[in-house]
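I have placed the structure first, in the form of structure tokens, so that the comments after it can refer back to it.
The values are calculated or read from the model by the stated rules, or taken from the named source; none is laboratory data. Keep in mind that what you see is a predicted model, and the values were worked out from it rather than measured. Virtual Cβ from ideal backbone geometry, glycine too; neighbours counted across all protein chains shown. Each accessible area value is taken on the protein alone, full model and side chains, heavy atoms only, with ligands, DNA and RNA left out. Shrake-Rupley method; radii C 1.70, N 1.55, O 1.52, S 1.80 Å.
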Amino acid sequence: MKYLPVIRMTALAVCSLIFAGGAFAADRSAPPTAVQAVTDTYGDITVTDPYRWLENQADPKVHQWSLAQDARTRHYLDKLSFRKPIYERLMKQISASSSSYYGLQAVGDKIFAYYNQPPKQQPMIALLDNRADPAQAKVVLDPNVINPKGTTAIDWFVPSPQGKLVAVSMSDNGSEDGSLHIFDVASGKQVDQVIARVQYPTGGGSLAWRADGSGFWYTRYPGPEEGAERQHFFQQVYFHKLGDDPAKDSYVMGKDFPKVAEIALDSRQNPDYVVATVANGDGGEYAHYVLGQDGSIKQVSRFEDKIVAAAIGADDALYLISHQDAPHGKLLKLALNDLDLSHAKTIVPQSDAVMQPGGEFGGSPVVVTKNAVYVRELVGGPSRVAIFDHDGASKGVLPLPDVAAVDEVEALSDGTLLYSVRTFLAPASFSRYDEAAGKAQTTKLIQTSPVNFDDVEVVREFATSKDGTKVPLNIVRRKGVKLDGSNPLLLYGYGGYGVNLTPHFLGAPTRLWLDAGGIYVIANLRGGGEFGEEWHAQGALTHKQNVFDDFAAAAQYLVAQKYTTSARMASMGGSNGGLLMGAVFTQHPDLFRAVVSQVGIYDMLRVELDPNGAFNTTEFGSVKNPDQFKALMAYSPYHHVNKGTKYPAVFMATGETDGRVNPMHSRKMIARLQAATASGKPILLSINSHAGHGIGSSLTIKVNQAADVYAFLFDQLGMKLPAK
């Protein structure tokens, strides 16, 4: 840390020499940025890009410009008297939290899980038995020992059916560029050879073991010999026999899949079969296949069939969640000896609740035991788990507190199930459900935290969007707060990909915000899946503007109800939520006093040219489609930055290893904002060379980033650091 001031000064000096002669930014303290205009033509529309050169991360000038921007941001943040105390308070509180477990995978009488033990930098893999007693847990793999710097992360892991081995994808510096390692559970030693290219953002990676544990099916990407431009695409499935040379692994399927296929392999509920779910990019279309131990491959559904999740249960039947004429989802059942989708029987019809589809994050939406079927459902944000018999007759729901969410349901060999319980105001825990008794009780898998929310309440209110749609707001506030317009307020949103903003423990950062007099609000915008596929579709492709209108309506409602004023309100979002931030503050520059936008997308005309961007065309659309181009151009934040506009204070953060959103979006957007703003408020960019999209970042990086965000917000909204 003691060398940072020298580095900052050097970076600024070098950048000033490089860009001498360029016009100084309207944000006068910002480093100057050269304008090198490039013109593109889309049909009969000509578009000029003044900062195309900032797309080339390999260019030394771009690197020096990035150093200068980050140095300027660090100078601003580090001189704030409360920035260091905020970091220290957050780290102390997070480090004082107890260990937590998640991502449970039961194998026989063993339970494998992610094990997080602050202040260690990275989660580990732990082994428990059916008692689920943390006191008896054994660490199987600790990436903090493998890399003491804390920059090696576990992307995913899959234990073998006998629980003797565990396959683990690991990557460095938040890159999500994973290689596969096999570890012996008893000794913790690595066995077999490392297999490269099994995991990339956004296509991900996956693996399913053969029932006898002698080998596994896994995803793999093309190697350098097949062309660098292919390495993030054309994901395929291979089979590896333990002990064999990975170079000789046999191809299984995938060569005829779309370029942007994302393949998930699953045999956890029934190791005799593998369900291969193939996503067509990120737009919510899936095809499903069943792989047999004999090497057979049977296709069950195609993209147009609207089957969004599939699982083979312990009863040797295939269960499917369908959106065909059922945007909330209906449950189908097929016999494994007849996988003709037209023969599927609807056992649970569509209801007001939304059956959760498959997806990249979270546990299986359908869990089948010998006695029942458990279906995770959404009820407008909060979630629940409905229970049915194998013929679809209702058997109630799993017990939950009010306004809660369930991310995981894991069936154990003793006839019980463990399920996660998450709320806004209490740390996560697991409850055990006894199928025979029909009762649940909290287990010892419960996290504790020094942060207490006994004086806080969560109320749910609704804003009215531009077209009359009611938009739910989850308002987190201290009990008895006065609604006189004086409260600092932070509004958070996402609105895309069918992602659901469900309850989760708000923890130390939100406690700090509330203690400083703030109110925190989470908006369930269209584009998410909280109200089913219709809700998602209304915020995707040519309907994306609805998401921005929803968020603006939420902010306007909060002002009208005297929760706050525009001068006391900030907004925050990341990734697709970063696009949301950019669109809203360019369309409504006077709506917020400050904006935090992390790893965001801003140039909607060039996003599909990135490796990750190609996956997103099913969600955003393509410039090659005239109607979609028109919609993209209408809201693309980068193209709607206007000179002389009084923009709010903006803090953007990105990571150099981000494979999900190209950091060039943040570089170009910041440059354009700095040149255009007339408000006198800072336009700041933070760039971390050891971080990507946020997945896999070390604890220190995460807490430092949180401290940056809240220091910026405290400064811009005139807030004081509360007493401890």
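See the values below:
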quantity: Centre separation in Å (Cα based) which lies between the range 141-190 and the range 241-315; calculated: 23
quantity: Length added when fully stretched, ALA37-SER98, from 0.36 nm per residue minus Cα-Cα; calculated: 16.6 nm
quantity: ASN452/LYS630 FRET efficiency (R0 45 Å; Cβ-Cβ; nearest 0.05); calculated: 0.35
quantity: Shape of the range 397-472, Cα gyration tensor, a/c cut at 1.5; calculated: oblate
quantity: Stretch gain in nm, segment ALA211-ARG460, where the contour uses 0.36 nm per residue and the Cα spacing is subtracted; calculated: 84.9 nm
quantity: Solvent accessible area, Å² - THR442, 1.4 Å probe, full protein context; calculated: 90
quantity: Two-site label geometry, THR442 and ARG28: point separation in nm, points 7 Å out along Cα→Cβ; calculated: 5.7
quantity: In the range 534-605, trypsin sites (Lys or Arg not before Pro) in a DSSP loop with at most 13 other beta-carbon atoms within 10 Å; calculated: LYS562
quantity: Qualifying trypsin sites (Lys or Arg not before Pro) for the range 43-131 [loop in DSSP, other Cβ within 10 Å: at most 10]; calculated: LYS79
quantity: Spatial separation of Cα centroids for the range 500-554 and the range 466-486, in angstrom; calculated: 12
quantity: Loop-resident sites, the range 254-311, for trypsin sites (Lys or Arg not before Pro), counting at most 10 other Cβ within 10 Å (DSSP); calculated: LYS255
quantity: Estimated translational D of the range 59-157 in µm²/s (Stokes, Kirkwood radius over Cα pairs; 10 °C; 1.306 mPa s); calculated: 96
quantity: Close Lys-Lys pairs in the range 554-687, where close means Cα under 28 Å and separation is 8 or more or interchain; calculated: 11
quantity: Largest to smallest accessible area among MET633, MET170 [probe 1.4 Å]; calculated: MET633, MET170
quantity: ASP715 accessible area, assembled protein chains, probe 1.4 Å, Å²; calculated: 60
quantity: Gyration tensor over alpha-carbon atoms, the chain, equivalent ellipsoid semi-axes in Å; calculated: 40, 29, 27
quantity: Cβ-Cβ FRET estimate between ILE146 and ASP272, R0 fixed at 35 Å, reported to 0.05; calculated: 0.55
quantity: Gyration tensor verdict on the range 369-523 (Cα atoms; rounded if a/c is under 1.5, prolate if a/b is larger than b/c, oblate otherwise); calculated: oblate
quantity: 17 Å reach of a label modelled at LYS370, 7 Å along Cα-to-Cβ, counting backbone N of the range 250-284; calculated: 269-272
quantity: Calculated SAXS-style log₁₀ I(q)/I(0) at q = 0.15, 0.19, 0.22 Å⁻¹ - the range 202-272, Debye, Cα scatterers; calculated: -0.51, -0.79, -0.99
quantity: Helix 83-95 axis, angle to the chain major axis (alpha carbon atoms, nearest 10°); calculated: 10
quantity: HIS543, HIS288, HIS323, HIS588, ranked by accessible area, largest first (probe 1.4 Å); calculated: HIS543, HIS588, HIS323, HIS288
quantity: Average Cα contact separation per residue, the chain, under 8 Å, 6 or more apart, as relative contact order %; calculated: 12
quantity: Accessible heavy-atom area order of TYR102, TYR647, highest first, probe of 1.4 Å; calculated: TYR102, TYR647
quantity: Added length on full extension, which subtracts the Cα-Cα distance from 0.36 nm per residue, ASP59 to LYS298; calculated: 81.2 nm
quantity: Three-way shape label, the range 75-227, alpha-carbon gyration tensor, a/c 1.5; calculated: oblate
